[in-house]
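Below: the structure, in C-alpha cells.
Each reported figure results from applying straightforward, stated rules to the coordinates on display, with no laboratory input. Quick caveat: nothing in here was measured; it's all calculated off a predicted structure. Cβ sites come from the backbone with ideal geometry, for glycine too, and all protein chains shown count toward neighbours.
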Amino acid sequence: MSEDRLRVLSVVVEDGPGALSKVSGLIRRRGFHVRAISVGPSREPGLFRMTLTVDSGHAEVDQVRKQLERLVEVVEVEDLTGHDVHSRELVVARVAAADLSDLIERGAKVLHSSPTGTTVEFAGDGGEVGDFVEELRRHGVQDVARSGPVVMRRSA
Amino acid sequence: MTGADMVLEALEREGVELIFGYPGGANLPIYQHLPDHPKLRHILVRHEQGAAHMADGYARACGKPGVVFATSGPGALNLVTGLATAYMDSVPMIAITGQVASTQVGRDAFQETDVIGATSSVTKHSYLVTNINQLPRVIHEAFHIATTGRPGPVLIDICKDVQQADAPHVLPARLEIPGYKLNGHVNLEHAKAAAIALAEAERPVVLAGHGVLLSHAEAELREFAEKAAAPVGTTLLGIGSFPVNHPLSLHMTGFMGTGWNLKAVQNADVLMMVGMRVDDRVTAKLAGFAPNVKTFIHIDIDGSEMGKNVRPQIELVADAKQALRAMIPHLSEPEKSRGTWLAQIDAWREEHPLKYTHSNGHLQPQDVLIDMYKRCRNEAIVVADVGQNQIWAALWWNYDRPGLFLNSGGSGTMGFALPAAIGAKFARPELDVWCVAGEGGFVMTAQELSVAVEHQLDVKIVLLNNFSLGMVRQFQDDFYGGVRSQVDLTHMPDFVKLADAYGMPAVRVDKFADIGPAMDAAERTKGPFLIDFRIDPEANVYPIVPLGKTLNDFWEAPDQ
C-alpha cells in the first residue's frame, strides 16, 4: 500500500440504520479500502461524524470524496489529507508489568489496577500512539484496543 | 389512513398512471387497497424482472419514472437485474417492495431478505420503512431523488405491518434532504475556456452520451456543433442525440463504433465528451485512447465522473443543456483549418464504410434491419436486446431524433428487449414499437409475451435467430482461441408455435425475398406479432476492436 493513495476524510452522515453500511458498501464496491474509522455523534442532532482513512486503490484519489458525496445519507465530506490538522487516536491496554513509570511519563493514564495487571489509556497522534504501542511490548502487554484517528483542522 | 392507502395516494399525487407489479405475502395489504385507487392502472407481469424492465422501458420512452411493485424475498430479488440495468443507464424508477413485519426483521422470517443490502449497489437511494409516519415523506423524497440530477432507481422497502397500520396522513411541508444537493456541485466556471479550446482546435471531436438525451439538449448540441463546425459522435446510449444523417455526424463511437468515428477520435486534438461516463466500451484500451488529444473537455452532471476514467483538462459539472448553453455564446469562428479536418473525416467515411456480407445465400441481419428502417423511418421505437442484435440495430438505422432507440447499454442485460418494448408501448401508444432480439436473450424473459397478448399491444418482435449466442461465438472465434464452447442453441422452441401458444400470430423467414411480406403482415396485424428471422449463423458484428487493443486497431467486415 502506498501512502499517497491514503485519504483522510471527515464525513458527516445522517443518523440512521443504513448510513454506516451504505458508506462501507460504497467504499468496498469502488475498490477502496478502509484503513481506519471512527464514528460518533456530531454537534448537530441527527448527524454523525465519521473520520475515515481510506486507501483509494487503483482509482484517482479524489474519487473517494466524490463517490461518498453521491450518497444521499452523506451530508458533507471534507478531505483533510495533507492539511494542518489535529489527529488524535486513543489506545487502551492491559499490561502485566508492575513498574509503569515509563508509560506514565509518556502521558498514559491508569484506568484500573488489579493484582494481575493494570489497564492504561493513552491518546496522541498516530505516530505517538504507534510508539506507545511499541513501548507496551516491554511491559508485558496482555491486550490492546486502539481507535481510528479523530481529525480536525487546526484553524477553521 | 392505512399505510397501504398512503402509498397509493402518494403515487396518485406524483402523477403515476401505470404500475408494473406482482403480488405476494408481504405486499398484499397494498394490493388489498389497490382497487380503491382506480386512477392507478396495474399491469400484472409474469416475473418480477419483467416488471423492472417494463418500468425501465416505460421511463426511457416517456421520461416519467417507471413504478414497480414486488413482494419481499424472491420477489424483490427478482428485481435486482432490472434495477442494475436502470442504475447503470441512469433511468428513473421507483421500486416499492413489501418487507416482513418490522417485528420480524432480522429473524429470518418467511420470504425475508435484506433487500436494502442486496440492492444498495444498484440503486441511487433506498429506504426501509418501519414506521407509518415515515411513509408520506419517504415516497415524496424517493420521486424527487429518482427524477432529478442524474436520474436513477430508488427502492422503498415497506414492512407489512406498516402497510396495515393506521395513522393520520400528514404531508411533509417541504422536502429536506440535507445530503442531496442538486445544484451544489454545478460548476460552469470553465464554460468559456471550453468553448475557446474547441473553437481554436485544429481537429476537434465531440462525443455525446445519454446525458444529452436525459437533459433534452439535442437542439443545443446541434447548434453547438454547427457553430463550432465540430463533428459529433455518440455513444451507444447517446444514439438519437445527434442526427446520423447530419454532415457532421460520426455515428457511433466505441469498440464497435464506425471506422470514421474511431479515426476521428484517435486523431483529434481536442475531445469534448458530453453527458457520458467514458467507460471501457468507449475507450477500448485506456492507455491508447485518443492519444493526440491535448485538451479533454468533460461535461457531466455527476462530478464523480470527472477523472474516473479519463482525466479532463477542462471539466464542467452540469446538466448537458445548461453546459452547452453556457458555452455557445463563447464560440468564435472556427479555425480556418477546420475544412481540412472535416474533409479528412469525409475521406475516412468513404474509406471505412459500414458494410456486410450478403452473397453467401444466407439471410443477413442487416437486410432485415434495412427493410425495417425503410418502413419505419424515424417514426417508431426500436428496443434492442443485448449482443450482436443490439449493435446491428444501433448501426444500421439512421436515428435522427431522440427516444427512438432503447437498449441496455451499461449493464448489457440479456432479456431486456421484450419487457422494455412492452413498457415503451404503454408509454407511447401512438408510436410503433419494434423489439429486436436474439433468440438467446428473448427466451430469458419470453414469458412476458402473455402481457403483450393480454393487453393486445402493438409490439412487433423481430427475432434475429442465429441458433447460437452470436456475440459470444464471435468473441470465442476471434479472441478466445477459436474454441466454440457452450454457444450452440440447438434445442430451442419453435418460435412460431411458441407465439401461437401464447395466442399471437408469428411467421418464420429464412430468405431475403420473404422479409417484405413478413414485415407487411406484422404491420397489418393489430396486437403483437413475431417474426422468426433465421439469419446467417456466422454473421458477425463489424467494425470491432479486438479485446485489449486500442481504437486504432479496429477490424472491418471482410470484403466480399
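Please arrange B:190, B:42, B:491, A:86 by counting, for each residue, the other beta carbons lying within 10 Å of its beta carbon, fewest first.
Ascending Cβ contact count within 10 Å gives the list B:491, A:86, B:42, B:190.
By how many nm would the segment from residue B:333 to residue B:223 grow when fully extended, if each residue of separation counts as 0.36 nm and the alpha-carbon distance is taken off?
So the extension gain works out to 38.3 nm.
Within 10 Å of each Cβ in A:60-72, how many Cβ atoms from other chains are there, averaged over the peptide?
Per-residue shielding by partner chains comes out at 5.
Under 1.5 on a/c is rounded, so check that first for segment B:3-164, then, if it is not, pick prolate when a/b is larger than b/c and oblate when it is not; a ≥ b ≥ c are the square roots of the alpha carbon gyration tensor eigenvalues.
rounded
Would you mind classifying chain B by shape? Square roots of the alpha carbon gyration tensor eigenvalues, ordered a ≥ b ≥ c; an a/c under 1.5 is rounded, otherwise it is prolate if a/b is larger than b/c and oblate if not.
It comes out oblate by the Cα gyration axes.
Can you list, bin by bin at 20 Å, the percent of alpha carbon pairs in the protein assembly as shown, starting at 0?
All Cα pairs, binned at 20 Å, distribute as 16, 43, 31, 9, 1 percent.
Given R₀ = 51 Å, what would the calculated FRET efficiency be for residue A:85 paired with residue B:200, taking r from the Cβ atoms and rounding to 0.05?
Once the sixth-power term is evaluated, E becomes 0.75.
Tell me, what is the FRET efficiency for residue B:456 and residue B:358 to the nearest 0.05, using R0 = 56 angstrom and their Cβ-Cβ distance as r?
Approximately 0.95, to the nearest 0.05.
Work out the FRET efficiency for residue A:34 and residue B:193 from their Cβ-Cβ distance, taking R0 = 60 Å, and round it to the nearest 0.05.
Once the sixth-power term is evaluated, E becomes 0.95.
Projecting each Cα onto the charge dipole of segment B:365-541 (Lys/Arg +1, Asp/Glu -1 at the beta carbon, about the Cα centre), which of B:468, B:423, B:386 comes out farthest on the positive side?
B:423
With each label point set 7 Å from Cα along the Cα-Cβ vector, what nm distance links residue A:97 and residue B:181?
4.9 nm
Across bins of 5 angstrom width beginning at 0, how are the C-alpha pair distances of segment A:85-153 distributed, in whole percent?
With a bin width of 5 Å, the distribution comes to 4, 18, 32, 23, 12, 7, 3, 1, 0.
What does the average come to when, for each residue of peptide B:171-180, you count the partner chain Cβ atoms lying within 10 Å of its Cβ?
3
Which links in B:64/B:181; B:227/B:425; B:124/B:160; A:22/B:425; B:227/B:355 stretch past 28 Å when you go from one Cα to the other?
Checking Cα-Cα distances, B:227/B:425; A:22/B:425; B:227/B:355 exceed 28 Å.
Using only C-alpha positions, report the orientation-averaged shadow area of the convex hull of segment A:3-79, nm², one decimal.
Mean projected area of the Cα convex hull: 4.5 nm².
For residue B:494 and residue B:148, calculate 0.36 nm times their separation in residues minus their Cα-Cα distance, and state this gained length in nm to one decimal.
Contour length minus the Cα-Cα distance gives 120.1 nm.
If you put +1 on each Lys and Arg Cβ and -1 on each Asp and Glu Cβ, how big is the dipole of chain A around its Cα centre, in Debye rounded to 20?
Value, rounded to 20: 460 debye.
Once you average over the residues of B:116-122, how many Cβ atoms of partner chains fall within 10 Å of each Cβ?
3
Taking Cα centroids, how far is segment A:7-25 from segment B:283-352 in Å?
Using only Cα atoms to place each centre, the spacing works out to 35 Å.
Extension gain residue B:174-residue B:379, at 0.36 nm per residue separation less the Cα-Cα distance, in nm?
69.7 nm
Can you give the local net charge around residue A:17? Use residues other than it whose beta-carbon is closer than 13 angstrom to its beta-carbon, Lys and Arg +1, Asp and Glu -1.
Charge balance in the 13 Å sphere: -4.
What share of the DSSP beta bridges in the protein assembly as shown is antiparallel, in percent to the nearest 5?
40 percent
Run the simple label-point estimate for residue A:144 and residue A:111 please: 7 Å along Cα→C-beta, distance reported in nm.
1.5 nm
Kirkwood Rh, Cα Rg: Rg to Rh for segment B:365-541?
Taking Rh as the inverse mean 1/r over Cα pairs, Rg/Rh reads 0.94.
Taking the Cα centre as origin and putting +1 on Lys and Arg beta-carbons and -1 on Asp and Glu beta-carbons, what dipole magnitude results for the protein assembly as shown, to the nearest 20 debye?
340 debye
Based on Cβ point charges of +1 for Lys and Arg and -1 for Asp and Glu, what charge dipole magnitude is obtained for segment B:232-355 about its Cα centre, in debye rounded to the nearest 20?
The dipole magnitude comes to about 140 debye.
Peptides B:92-99, B:128-135: what's the order by average Cβ count within 10 Å, highest mean first?
The most tightly packed comes first, giving B:92-99, B:128-135.
Run the simple label-point estimate for residue B:12 and residue B:32 please: 7 Å along Cα→C-beta, distance reported in nm.
Here the modelled spin labels are 1.9 nm apart.
Which of A:39, B:459 comes first, and how do the rest follow, when ranked by fewest Cβ neighbours within 10 Å?
The most exposed by this proxy come first: A:39, B:459.
Cβ neighbours within 10 Å, averaged per peptide: list B:216-222, B:382-388 in order, most packed at the top.
B:382-388, B:216-222
Can you bin segment B:191-351 into rounded, prolate or oblate? Criterion: square roots of the alpha carbon gyration tensor eigenvalues sorted a ≥ b ≥ c, rounded for a/c under 1.5, prolate for a/b above b/c, oblate for the rest.
rounded
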